[in-house]
Amino acid sequence: IYADPAKRLELYFRPKDPYCHPVCANRFPTSTMLLRVRRSTKKKQQQLDAEEQIQPEVQFEMEILGIVTTVYKFQGMSDFQYLAMHSGPDGKQTSMYDKVLMLKPEKEEFFNRDLPLYIPPPIFSRLDTPVDYFYRPDIQHREGYNNPQVSGENLIGLSRARRPHNAIFVNFDDEEIPTKPLDAAVQNWKKVCTNPVDKKVEEELRKLFEVRPVWSRNAVKANISVHPDKLKVLLPYLAYYMLTGPWRSLWVRFGYDPRKHPEAKIYQVLDFRIRCGMKYGYAATDMPVKAKRSTYNYSLPITVKKQGSHTVSVHDLKQGLGSAGTSGAKKPPSSRYKLKESIYIFREGALPPYRQMFYQLCDLNVESLQKIIHRNDGTESECTERDGWCLAKTSDDLRDSMSLMIKQIIRSTRPALFSNTTSNEDGKEQLAYESGEDEDDEEEEEEDFKPSDGSENEMETEILDYV
């Protein structure tokens, strides 16, 4: 728990009871000292009022053992505890633990016994702090009534107000494409653009769209250094967002319609997911590329995970205020928010940082993959929603070739996984792709970038940022 600052410390009052619901402690930074205090007593004889009384002499010795920088505080309320009990006809409670808990391998008779019905609750309270729900009665409107737009004065309506980023969304079936941003987007960016650095970022992004009319958000973040919150306001100022089709989840320069330009096929998106399973020769647990999140690292959703302000502790002053322990380890402003190229470029011999990646076809820097993409150059006749300007099933052919490369990289880094493999697929696996970075480097790269905060699907997450 201590190794992960986002997790809470759990306390079980009955550790051996699987039905016990814990209480949780939140993590706080502190600057306190751990003391060792010794209390020594010496007997001293004194004469008081002609009577002999023995009064002890107490002495305290104090020693500082160290500095405490982190403390866990149990501030929440205890939840209801649900016991495996059965109430008999006479009201007597009988324990059912010996009947419902299988502590050792049992025979068939153990499962065929007639037992009272015992159904634990499906979920406990999600919050351990008191909150006001502010219940509102259902309002009966006359027929034909439509809810007004959500505003500060009217809070009854949609579950969440539309976020004020003012992006323009375009579907593949839409006939027209926007040529300029919304007035609200312009005003929003002018309100945020308050210093020369923001103006410089705007010019850099404008030049990127001049060189290449279609960009993914990750590709932009890898080419310019801009705060993520400001990028959310800047992108709708210069481009519109494609929701469906071969350019889905990408930002397109205003006035540019990729459906009318066959050369725009190199900007199409490829949803690539690393294949794993025993039929591929390795399981998910053997993957050198970790998943974005796992059920094994699940933390109880019973509190608002909001990082508090970190007070400067004595330990911080001693180690320095830099991110790596020294003040000189802080990244310069010019590259503070920049991502690595591997987050949007696929290279031969290197593993992707995540198991699911969204690549643009022009960012697949492998000659064999580019040959698949350009098979129909000059003969493009129709732009379809599934394949765009490419031949049918081009995406499937690209995924097959990339999966073969990934398998060869894993084979070279972990040959023990394939020690029992006796045959190769179509003879293609004779090629040996060497990994450009070892496993530890890949893990560090994953920790540097977290593209998705609410969903395993980055495309869905980005849409939710603007809707």
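Annotations
- In this structure, R39 and N365 have a Cβ-Cβ separation that, at R0 = 60 Å, corresponds to a calculated FRET efficiency of about 0.25.
- Paramagnetic label zone (point 7 Å from Cα along Cα-to-C-beta, F74; backbone N under 19 Å) in the stretch 1-22: 1-2, 7-22
- For T179 and R142, the FRET efficiency from 1/(1 + (r/R0)^6), where r spans their Cβ atoms and R0 equals 45 Å, is about 0.65.
- Judged by the ratio a/c of the largest to the smallest principal axis of the C-alpha gyration tensor, the stretch 158-250 counts as oblate, that ratio being 1.5 or greater while a/b is no larger than b/c.
- Distance (nanometres) between label positions extended 7 Å along Cα→Cβ at R375 and S31: 6.6
- Förster-model FRET efficiency, 30 Å R0, L11 and L65, C-beta, rounded to 0.05: 0.80
- Cα convex hull of the stretch 214-272 - mean projected area over all directions, nm²: 4.5
- Rough spin-label spacing in nm, given labels placed 7 Å along Cα→Cβ, for K260 and T384: 2.4
- Estimated vicinal HN-Hα couplings, Hz - the stretch 171-181 in sequence order (Karplus 6.51, -1.76, 1.60; Gly, Pro = x): 8, 5, 7, 5, 6, 9, 10, x, 10, 8, x
No lab work stands behind these numbers, since they all come straight from the coordinates. Quantities reported herein were computed from a predicted structural model and do not represent experimental measurements. Note that each Cβ is placed from the backbone with ideal geometry, even for glycine, and that neighbours are counted across all protein chains shown.
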